[in-house]
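Worksheet: one structure, shown below.
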Amino acid sequence: MKIKNEVRYALQIVYYLTLHRDKDIISSNEISAEENIPRLFCLRIIKKLEKAGVVKIFRGAKGGYVLTRDPKRLTFRDIIEIIDDDIVLQPCIDSSTICSTRGANCSIRLALKKIQDELLDDFDKINFYDLVEENTGLYV
């Protein structure tokens, strides 16, 4: 299993905006340069984050971006699902009809479902506020 670059970049963008939430507006050039994200890719991701209500875009010569959601209530799962829709290890997890061999009681399906549920719980536990505070030495 591999997280796509777009998801990783989205996590980096939100982390950077959380880290610098004391600034008024942060430019895409700054985010791209500091997080080593191709600028056009960064702009496309930010547009998705804006559509989801995570980021506000300020247009114009002095435009840029700010985080609109409380980083204490913004989790890895939120960002991953904005970029990737659903986190599904295997399609059969969400539907018992896909496995034509073993059906709903397939041991493999049930094991993967358990792993997926634990993974989603872990993604829900990581919020950007704690992540930033932990990395800046302010985490208590």
Quick one: in region 28-55, of everything that is modelled with pLDDT of 95 or more and touching a Cys at 6+ places or on another chain (Cβ under 6 Å), which residue is surrounded by the most Cβ atoms within 10 Å (Cβ to Cβ)? Ile31
Outside any loop (DSSP other than H, G, I, E, B), loosely packed, with under 15 Cβ neighbours inside 10 Å, of a type in the set (A, V, I, L, M, F, W, C) and out of contact with any Cys (no Cβ under 7 Å at 6 or more places or on another chain): is that true of Ile108 in this structure? yes
Report the residue count in region 37-62 for those that are within 18 Å of the chain's Cα centre (by Cα), outside any loop (DSSP other than H, G, I, E, B) and either of a type in the set (Phe, Trp, Tyr) or closer than 22 Å to Arg77 by Cβ (or both). 12
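Does Lys4 qualify as being of a type in the set (Lys, Arg) and open to solvent by less than 80 Å² (accessible area, probe 1.4 Å)? It would help to see each step written out before you state the result.
Working: of a type in the set (Lys, Arg): yes; open to solvent by less than 80 Å² (accessible area, probe 1.4 Å): no.
Against the criterion (of a type in the set (Lys, Arg) and open to solvent by less than 80 Å² (accessible area, probe 1.4 Å)), Lys4 does not qualify.
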So, in region 70-90, of the ones that are among the β-branched types (Val, Ile, Thr) and within 14 Å of Lys4 (Cα to Cα), which residue ends up farthest from the chain's Cα centre (by Cα)? Val88
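Does Ile108 count as more than 30 Å from Thr18 (Cα to Cα), modelled with pLDDT of 75 or more and not basic (Lys, Arg)?
Working: more than 30 Å from Thr18 (Cα to Cα): yes; modelled with pLDDT of 75 or more: yes; not basic (Lys, Arg): yes.
Judged against the criteria, Ile108 is a match.
For region 71-82, state whether one or more residues are surrounded by fewer than 15 Cβ atoms within 10 Å (Cβ to Cβ) and within 21 Å of Asp130 (Cβ to Cβ). It would help to see each step written out before you state the result.
First, the residues of region 71-82 that are surrounded by fewer than 15 Cβ atoms within 10 Å (Cβ to Cβ): 72-73.
When the remaining residues are screened for being within 21 Å of Asp130 (Cβ to Cβ), the result is 72-73.
Checked region 71-82: at least one residue is surrounded by fewer than 15 Cβ atoms within 10 Å (Cβ to Cβ) and within 21 Å of Asp130 (Cβ to Cβ).
Let me confirm something: among Ile25, Ile13, which residue is open to solvent by 30 Å² or more (accessible area, probe 1.4 Å) and either more than 27 Å from Leu119 (Cβ to Cβ) or of a type outside the set (Phe, Trp, Tyr) (or both)?
Ile25
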Which pairs have Cβ atoms under 6 Å, sit 6 or more apart or on different chains, and link a residue in region 50-70 that is without any contact (Cβ under 8 Å) to a residue 24 or more places away in the chain to one that is assigned to a loop (DSSP other than H, G, I, E, B) and open to solvent by 60 Å² or more (accessible area, probe 1.4 Å)? Lys56/Thr68
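State yes or no: is Leu67 surrounded by 13 or more Cβ atoms within 10 Å (Cβ to Cβ) and more than 15 Å from Val7 (Cβ to Cβ)?
Working: surrounded by 13 or more Cβ atoms within 10 Å (Cβ to Cβ): yes; more than 15 Å from Val7 (Cβ to Cβ): yes.
Against the criterion (surrounded by 13 or more Cβ atoms within 10 Å (Cβ to Cβ) and more than 15 Å from Val7 (Cβ to Cβ)), Leu67 qualifies.
Filter region 1-36 down to the residues that are outside any loop (DSSP other than H, G, I, E, B) and acidic (Asp, Glu) and list them by number.
First, the residues of region 1-36 that are outside any loop (DSSP other than H, G, I, E, B): 5-19, 26, 28-35.
Across region 1-36, the qualifying residues are Glu6, Glu30, Glu34, Glu35.
The values are calculated or read from the model by the stated rules, or taken from the named source; none is laboratory data. Just so it is clear, the model here is predicted, and its values are computed rather than measured. Every residue, glycine as well, gets a Cβ built from its backbone with ideal geometry; the counts of neighbours run over all protein chains shown. Each accessible area value is taken on the protein alone, full model and side chains, heavy atoms only, with ligands, DNA and RNA left out. Shrake-Rupley method; radii C 1.70, N 1.55, O 1.52, S 1.80 Å.
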